[in-house]
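The values are calculated or read from the model by the stated rules, or taken from the named source; none is laboratory data. For clarity, every value in this text was computed on a predicted model and none was experimentally measured. Here the Cβ is made from the backbone with ideal geometry for all residues, glycine too, and neighbour counts use every protein chain on show.
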Amino acid sequence: MLFKDITGQQAAAQQLRDAIDHDRMPHALLISGREGSGALMLALTAAQYILCENHTPDGEPCERCPHCLQIHKLQHPDLHFAFPVVNRKGQSGDDSAVSLDYIAEWRDILLRRPDITYTDWVKFISDEGKNAQIYKAEASSIIRILSTKPYESDKRVMIIWLPEKINETASNKLLKIIEEPYPKTFFLLVSNDPDRVLGTILSRCQRLNIPPLDPCWMQPRIEPDERQYFFDKFCAMMRLSYMRRIFDMRDWSVEMAGLGRQRQQDFLQYAQSMIRENFILNVSMPEGQSVNYMDDQEAQFSSRFHLYVNHRNVEGIMNELAQAEKDIAQNGAAKIIFFDLSLKLIMLLKQ
């Protein structure tokens, strides 16, 4: 992978290139950007650039040295990964699973989808909607891996994907090695939500914040059937709340509670995007210009619904949806969370 192939992130790519070229690369760098922004692809390319033997004159990995060829297969012995996992069948306890248990699956999907999302990954490794995490055992595995000498390079890179999923026990074990790593060892932490990364980890990393891509470059992240389901449930939530149909709202909440936690979070993210799009419909734009990215069905519904999303309530609605997503992520009681959300929307939609 080359820096020039990462769409829309050339400024961030140049920062990484300059830091590596001038030996200013921090030992721990947190690359943060929303899903779809290319943060993981930047980290992979930076790792290849660090390990490459022969940089090109225009500041790219050579793509021909043994290090580059091995990285193309994600099998370089000095490139390591840590990422959220779930316990496999037969594993007991919340801290037994590690990334090495899933390395074959990780290489498989990452070679096909270097812009992998958390939702894609969880669906790939589990059909039960589990909430994947980085457990205490992962911290022990990282320390053990990095306690040995590099195999083929004099450098090595550890990419930690989604450090916001590191639980507190694992975080405490990792603090010393992140703050004082072995010589020529680089941690690249790739976060979609840096506000949820534990402060003890954040304080030991330099930050590289990358902007979201222009939406016209991005492909939809939700599969068509899932998007249709989320749209139907979003419409039901808004209509039932506006009409104050309490008993139907309760039934809707029970149905939503039956989804896996990851699908519940995906729905709440979808709902936030729909509120954003409807609020934008109220913003005057020059003729022929638009910053709205709904499909035809969503646009038809929003042609009327957008009148109920305005400057008096949009912040409140977005805050309640975001809080519900956070509560779900923290294993709150889903039925109560969704019912409480729908009750709060009654008053907000009337503003």
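Summed over region 310-335, residues that are within 27 Å of residue 259 (Cα to Cα) and either in contact (Cβ under 8 Å) with a residue 60 or more places away in the chain or not in a helix (DSSP H, G or I) (or both) total 9. Remark: pairs (first residue in region 48-71, over 15 Å from residue 150 (Cβ atoms); second residue among the hydroxyl-bearing types (Ser, Thr, Tyr); Cβ separation under 6 Å; 6+ apart in sequence or on different chains) = 61/49; 62/56.
Taken together, 240, 208 contain a single residue that is at pLDDT 90 or above and closer than 30 Å to residue 172 by Cβ, which is 208. If only residues of region 186-205 that are among the polar types (S, T, N, Q) and not in a loop (DSSP other than H, G, I, E, B) are counted, the one that is modelled with the lowest pLDDT is 200. For region 246-265, give me each residue that is outside any helix (DSSP H, G or I) and either of a type in the set (S, T, N, Q) or modelled with pLDDT of 95 or more (or both). Passing the criteria: none in range. Tell me whether region 266-281 contains one or more residues that are modelled with pLDDT under 90, surrounded by fewer than 20 Cβ atoms within 10 Å (Cβ to Cβ), in the same structural domain as residue 248 (by TED's automatic domain parsing) and not in a helix (DSSP H, G or I). Yes, region 266-281 contains at least one residue that is modelled with pLDDT under 90, surrounded by fewer than 20 Cβ atoms within 10 Å (Cβ to Cβ), in the same structural domain as residue 248 (by TED's automatic domain parsing) and not in a helix (DSSP H, G or I). Look at (1) modelled with pLDDT of 90 or more; (2) in contact with a Phe, Trp or Tyr (Cβ under 8 Å, 6 or more places away or on another chain) and you find that residue 222 fails only one, number (1).
Filtering region 126-151 down to residues that are touching an Asp or Glu at 6+ places or on another chain (Cβ under 6 Å) and surrounded by fewer than 20 Cβ atoms within 10 Å (Cβ to Cβ), which residue is farthest from residue 69 (Cα to Cα)? Selected residue: 150.
Scanning region 101-125 for residues that are without any contact (Cβ under 8 Å) to a residue 40 or more places away in the chain, under 25 Å from residue 270 (Cβ atoms) and surrounded by 20 or more Cβ atoms within 10 Å (Cβ to Cβ) turns up just one, 121.
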